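Some notes on the structure that comes next.
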Amino acid sequence: MAAKKRSPSKRSAKKPGKRTAPARRAPPKRAAGDPGAAFCAAVESALKRGEPQTISDASLRRVLTAAVRVYAAKAEDVGREIAPFLDNTVTATETVTAACAMIRAVDLNLFDVAMWFRRPVAGEE
């Protein structure tokens with residue numbers, strides 16, 4: 001014997017005076033582990049082999065764009081600079097090479113950068 005189906009109007013009808021809790025959504029599924037770990041491992045491997053060209057320009061742009069955007073958002077949110085690198089992992093040359101490319105990409109000049117550089121940093125005022 002088939003189960004009797006309720007009409008949609010009865011299913012959604014609320015009884016007066018009775019409060020219902022909002023439906024709970026399942027938490028979003030997260031990738032296992034560190035989401036940047038695979039990219040970082042690929043970069044480390046490519047650099048050890050002396051083959052940085054194995055990382056595509058498109059992948060590098062996507063990751064760098066995301067990293068810069070979230071860094072700026074987090075720094076603004078907490079009101080201070082966040083250490084951008086692990087200790088002794090990036091050289092001055094690597095830093096300046098990337099910084100110059102980013103400065104050119106957004107059409108800044110050194111005067112613009114100097115104004116931002118002089119902004120007070122929380123804890124150093």
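Laboratory data are not the source of any read-out in this text; all were calculated from the coordinates shown. Note that the structure is a prediction, hence the values are computed from the model and not measured. Every residue, glycine as well, gets a Cβ built from its backbone with ideal geometry; the counts of neighbours run over all protein chains shown.
Here are the numbers for this structure:
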{"item": "Meets criteria (surrounded by 10 or more Cβ atoms within 10 Å (Cβ to Cβ), within 14 Å of the chain's Cα centre (by Cα) and at negative phi) for residue 97", "result": "no"}
{"item": "Sole exception among (1) surrounded by 11 or more Cβ atoms within 10 Å (Cβ to Cβ); (2) over 21 Å from the mean Cα position of the chain (by Cα) for residue 66, by number", "result": "(2)"}
{"item": "So residue 67, is it in a helix (DSSP H, G or I), closer than 25 Å to residue 46 by Cα and not acidic (Asp, Glu)", "result": "yes"}
{"item": "Where a residue in the range 73-95 is free of Cβ contacts under 8 Å to residues at least 40 places away in the same chain and its partner, wherever it lies, is of a type in the set (D, E, K, R), with Cβ under 8 Å and at least six apart", "result": "75/81; 82/74"}
